[in-house]
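Report on the structure given below.
The values are calculated or read from the model by the stated rules, or taken from the named source; none is laboratory data. Keep in mind that what you see is a predicted model, and the values were worked out from it rather than measured. Each accessible area value is taken on the protein alone, full model and side chains, heavy atoms only, with ligands, DNA and RNA left out. Shrake-Rupley method; radii C 1.70, N 1.55, O 1.52, S 1.80 Å.
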Amino acid sequence: MAKTATFAVIHFSVAFSVGYALTGSVVVGSALALIEPAINTVAFYFHELGWKKFEAHKGTLQEAFANRV
């Protein structure tokens with residue numbers, strides 16, 4: 001849990017720093033630090049769904065590609 005917490009702090013800090021560096025606004029930096037991780041969480045969910053489908057059909061895909069060559 002500590003590793004996750006420290007990663008979250010780094011993630012928020014980087015998002016804030018980039019937003020602040022690009023705009024010079026603490027408000028924009030703060031908004032990015034909150035919004036970007038939320039959007040990344042949703043994107044990660046769909047990424048995992050895709051990988052699960054890939055893993056479930058990996059053998060079929062390998063066979064299909066092997067037969068094409």
Problem set entry | segment 4-69, accessible surface, carbon-and-sulfur percent (1.4 angstrom probe) | 73 percent
Seminar exercise, completed: Residue-normalised value, i.e. accessible area per residue, for the chain at 1.4 Å probe, in Å², stands at 85 Å²
Exercise. Could you list log10 I(q)/I(0) for the chain at q = 0.15 Å⁻¹, which the Debye formula gives when each Cα is one point scatterer?
Worked result: -0.65
Exercise. ³J(HN,Hα) across segment 45-55 via Karplus (A = 6.51, B = -1.76, C = 1.60, θ = phi - 60°), whole Hz, x for Gly/Pro?
Worked result: 4, 5, 4, 5, 4, x, 5, 4, 5, 4, 4
Problem set entry | Calculated from backbone phi, Karplus (6.51, -1.76, 1.60) coupling profile of segment 14-26 in Hz, x at Gly/Pro | 5, 4, 5, 4, 5, x, 5, 5, 6, 10, x, 10, 5
For this session: Please work out how much accessible surface His57 shows to a 1.4 Å probe, ignoring ligands, DNA and RNA, in Å² rounded to 10.
Result: 100 Å²
